[in-house]
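Here the structure is laid out as structure tokens; the discussion comes afterwards.
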């Protein structure tokens, strides 16, 4: 007995005492999955009649024992198994001892009555006896053979081949959210193999499995996961598991900014992929993650970048973009604004609001050309000439392009007016454009909600709706006054797109940080102008920021002047003047206001009483009937508020209603 115990211990096996004539341990044996008996404990415990047990798994150098309950199965397969230490059990069955590359959890191949004793189990060993007559004996007292590779996979493949049993395909989607205790080891090696077949590196797979392991109940030790991944990549070819691939949503995408990776479609028709953590850039023909498979857009409706190209610094890149725009487009001023707009368009994810560009002028003034030039170097620059509303809605929702819309006067027509809905909604993140869908089988039309946020540039010969003007930076176009390029420098445009793609990678991965600009509390710039200029000032180099801040201030002042000259201002001033003459009992008729408005206007510009009534309601005045005439109710507090927006002489107001004030 003592000689055999020393034999086992010399082999690195952990022995435990088994009760005489029994298979039950004499001690709380699970403690001995973590520690071995000392020499003194062995001498004290193993007295005459005590049986011997051997703990499988890591404590015994990754011992795994094949326990055959069916001798016909054993006889048929034993010639295919590596020669190793072999034991006859008390009931004349067979056990094969092996050492694996990593701890193997116990499992059972129920079809053939084969128990695989591994981590979490033990076996009874020679010279143990059951009922004094049934003895465990050695059939072959040879060294314990090392089984290199994925023990479970190779054993199952051998069994399937010998016994003509078809292996079941492994359903990946079933384990992606974690598995219970009995399935962790098998699932880990198979999942690692699946990731290898997807083309992931050993390092990528290890990171993915460590995250996946957190979902298991309970998780395996990290070192076990490391061994599983190592085993999956050890062979020249991946293990031959059959898989049921997870069902994924197939998406045609130009690129995405995901949690750990950022990718964009390039000219070769594949994705260039940035790992945000490591900074490593690779290429893939498609990307599968989180139940979605992304495939490149084919054909691409916009010019694509080549491989990302490095640039000296942001200021150098800025100067290259500015020079490109200057060589191609003639505007009286605003080259820094155009440069900032192009640069900001490559990182739309950073902004809450974005400015539109509106090139306004007569035919042949360079409006369309300006759109073409900017589209050649913007992120996914899409020239959408005469596009139908439904196509434009879906393009913006699905592919998030930088949209360039020419001849915007056509959108003033009734059948195109819903595009104004898209444009009015698309300047601020989180807003939806809503339109009525096609009728279903029952004839019902359901509302459709579209995410249409993104940079857009427009060109037209007519002024647009006021709501759109306030979302735009306007360039008043005339015929070129200097020599500019008549064709786009395509080579330079390609170079800039490649550098701008690297700029996008740097900005969204955090390797270059441009803090979002905050206007000082005492700034005169506020409201929508403040919203629209934040992206432009943020991306500008420090040497240019003040110029763009000044442009924002100029825009603010210009809009205030326009507002003061607006119809609202005209009606408000006329309303105050009319009240001094005709206001009675806090009432003033719409007709008296209309007469005051039209007093100094030429006949072809005069307003109807209906228009004036609408404007007074828009200003906030409540209506009533007074002496059989539609009238407004005078509101002193409202007048005071409106006076700040549409300045008039304060003493003129105070003279008339100073008592009430």
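Below are the figures for this structure:
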item: Residue-span extension gain [residue 259 to residue 214] - 0.36 nm each, minus C-alpha spacing; result: 14.4 nm
item: Orientation-averaged projected area, Cα convex hull of the stretch 567-657 (nm²); result: 5.5
item: Expected-Rg normalisation [2.2 N^0.38 Å, Cα atoms] applied to the stretch 249-295; result: 1.05
item: Cα-based helix-to-principal-axis angle, 202-213 vs the chain, degrees rounded to 10; result: 90
item: Viscosity 0.890 mPa s, temperature 25 °C, Stokes-Einstein D of the stretch 534-614 from Kirkwood C-alpha radius, µm²/s; result: 159
item: Value of D in µm² per second that Stokes-Einstein yields for the stretch 309-444, Kirkwood Rh from Cα pairs, at 37 °C (0.692 mPa s); result: 196
item: Computed log₁₀ I(q)/I(0) - Debye formula, equal Cα scatterers, no solvent, the stretch 515-557, q 0.18, 0.23, 0.25, 0.34 Å⁻¹; result: -0.43, -0.72, -0.85, -1.42
item: Spin-label model distance (nm) - residue 160 vs residue 293, 7 Å beyond Cα toward Cβ; result: 2.1
item: Burial ordering of 92, 406, 115, fewest other beta-carbon atoms within 10 Å first; result: 92, 115, 406
item: Options (1) 80, 29, 23; (2) 52, 46, 24; (3) 43, 28, 23 - which one matches semi-axes √(5λ) of the Cα gyration tensor in Å as calculated here; result: (1)
item: Fraction of beta bridges assigned by DSSP in the chain that are antiparallel (%, nearest 5); result: 70
item: Scaled radius of gyration (Cα, divided by 2.2 N^0.38 Å) that the stretch 2-161 gives; result: 1.00
item: Fewest-first ranking of 243, 107, using other Cβ atoms within 10 Å as the exposure measure; result: 243, 107
item: Inter-part distance where the stretch 509-555 and the stretch 173-192 are each reduced to a Cα centre, Å; result: 51
item: Nearest 10 degrees, 0 to 90: helix 222-232 Cα axis against the chain principal axis; result: 80
item: Cβ crowding within 10 Å averaged over residues, with 397-403, 430-436 ranked highest first; result: 397-403, 430-436
item: P(r) histogram, all alpha-carbon pairs of the stretch 170-244 included - 10 Å bins from 0, percent; result: 21, 59, 20, 0
item: Exposure proxy ranking, count of Cβ atoms within 10 Å, fewest first, for 123, 544; result: 544, 123
item: Relative contact order computed over the chain (Cα-Cα under 8 Å; 6+ residues apart), in percent; result: 8
item: Acute angle (nearest 10 degrees) that the helix 314-328 long axis makes with the longest principal axis of the chain, alpha-carbon atoms; result: 50
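Values quoted throughout were computed directly from the atomic coordinates according to the rules given, and no laboratory measurement underlies them. Every value quoted in this text rests on a predicted model; they were computed, and no experiment measured them. All Cβ positions, glycine included, derive from the backbone under ideal geometry; neighbour counts span all protein chains shown.
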